[in-house]
Amino acid sequence: MDTPPQPPSLRHHLEWIILNLLTAWVELLSPERAAACGRALGGWLWRRGLRRKVVDRNLELAFGDQMNAEELEALSLACYRNMTSHIFEFLKLASWPPELLDQLIELEGVEALQAGIDEGQGVVIAGAHFGHWELLSAGISHLVYPVAAYAGKQTNELVDHRINQIRTRFGMKAISKSPRSNREMLQIIKDQGVLGLLGDLNVPHQFLFVDFFGLKAAAGPGLGRFVVKAKCPLFYIWITREGPAKHKGHIRRLDYELTGDTVADTARIAQLYFDQLEEKIRLHPDHYFWFNRRFKTRPPEEAQQGVRLYEKMD
C-alpha cells in the first residue's frame with residue numbers, strides 16, 4: 001500500500017520558493033552567463049567546504065596514486081565548478097525553447113540508437129551522474145525518442161514536482177521510486193520504448209560488487225536484471241562539455257552475451273557498465289559526481305575487519 005502524501009512542511013515550502021526564484025532569475029540570463037554564474041557559485045561552495053571532505057576523499061581513492069596534492073586540489077575545485085554550472089544550466093532549461101535544444105547539445109551515435117529501437121525489443125540506455133546528464137536525457141528525448149527514465153524521488157515533493165516539470169518539457173517521462181516502479185519500467189521495454197537508468201551511485205542494500213578504480217564498489221543489480229529479462233539492446237550514454245554552454249552527447253551500443261545464469265549475467269552486465277563509466281571518468285575526471293560516498297558500502301570481508309574508507313567523515 002502506498003504511503004499517503006504528507007502535507008509540505010514550512011521548510012519544504014521555503015525550498016520550493018527559493019528554487020522558483022532562482023529559476024526565474026536564471027531565465028533572464030543567457031546560457032553562457034548561467035553557466036558562468038554556476039561556476040562562480042561552485043568556487044564559493046568549494047572554499048566554504050560544503051561536502052569537501054567527501055569529494056577530496058573520493059578523488060584520493062580514485063587518483064591518489066596518479067596525482068599529487070596540488071593536482072588533486074585543482075581537480076576538486078573543477079568538480080565543484082562543473083557541477084554547479086550544470087545546476088544553473090538545468091534551471092535554464094525551464095524556459096529554453098525545445099526547438100532550440102540543438103544549440104545546447106550535439107548528439108553522436110543517433111543512428112545506432114535508432115537502429116536498436118527499430119529492432120522492436122525495447123531499449124535500455126544506461127547513463128551516469130556524469131557531465132550534464134539532465135541535458136543528455138532531454139536531448140535524446142527531444143531529438144531522437146522519448147525516454148522513460150527512473151529518477152530518484154526528492155524528499156521535498158514540491159521540489160521533486162518542479163524538477164520533473166522541467167524534465168518533461170522535452171518529452172522525457174520520469175518514473176519515480178514507488179512499489180510500482182519496477183513494473184512500470186518493464187512495461188516500457190514491453191511496449192518497445194526506451195528505458196533510461198542511472199546506476200552509478202553507492203547502494204546500501206540489495207547490491208552486488210563491481211571493480212571500480214581498483215576498489216570493490218556496491219552497485220544495484222537493476223540494470224543487469226532488466227537487460228537479462230528483456231534480452232534487449234543496451235546502450236551506454238555520456239555527455240561532455242565542449243564549451244561554456246555547449247555539450248556533446250555520446251551514444252554507444254554495448255555488446256553482451258547471456259549464458260542462462262541470471263546471477264552471473266547480471267553481474268557481468270553491471271561490470272560492463274562500470275568499465276565504461278571508469279573509462280569516461282579517467283578522460284574527464286571533473287565531470288563526475290564525486291559528492292556521493294561512492295565506496296562507503298564495503299564487501300563482507302572488509303566490513304568484518306572494520307574497514308571504513310570515510311572514517312573521518314562519519
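The values are calculated or read from the model by the stated rules, or taken from the named source; none is laboratory data. Fair warning: this is a prediction, and the values are worked out from it, not measured in the lab. Positions of Cβ are generated from backbone atoms using ideal geometry, with glycine treated the same way; all protein chains shown enter the neighbour counts. Note: areas computed on protein heavy atoms with side chains; ligands, DNA, RNA excluded. Shrake-Rupley method; radii C 1.70, N 1.55, O 1.52, S 1.80 Å.
Quick one: which of 241-252, 10-21 comes out on top by average Cβ neighbours within 10 Å, and what's the full order, highest first? Walk me through the numbers on the way to the answer.
Details: 241-252: 17.3, 10-21: 13.3.
Order by mean packing, descending: 241-252, 10-21.
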If we restrict to alpha carbons, what Rg and Dmax does the chain come to, in Å? 19.6, 56
How big is the dipole moment of the chain about its Cα centre under a simple scheme where the beta carbon of each Lys and Arg is +1, that of each Asp and Glu is -1, and everything else is neutral? Debye, nearest 20, please. 960 debye
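Which GluC sites (Glu not before Pro) does region 101-144 hold that lie in a coil by DSSP with at most 16 other beta carbons within 10 Å? Let's see the in-between values first.
Details: sites: E106, E108, E111, E119, E134; in loops: E119.
Those satisfying the criteria are E119.
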With an 8 Å cut-off on Cα pairs and a minimum separation of 6 or more residues, tell me the relative contact order of the chain in percent. 23 percent
Separation of alpha-carbon centers, region 52-86 and region 266-314, rounded to whole Å: 15 Å
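For region 92-197, give the percent of accessible area contributed by carbon and sulfur heavy atoms, probe 1.4 Å, rounded to a whole number.
About 48 percent, which is the carbon plus sulfur part of the accessible surface.
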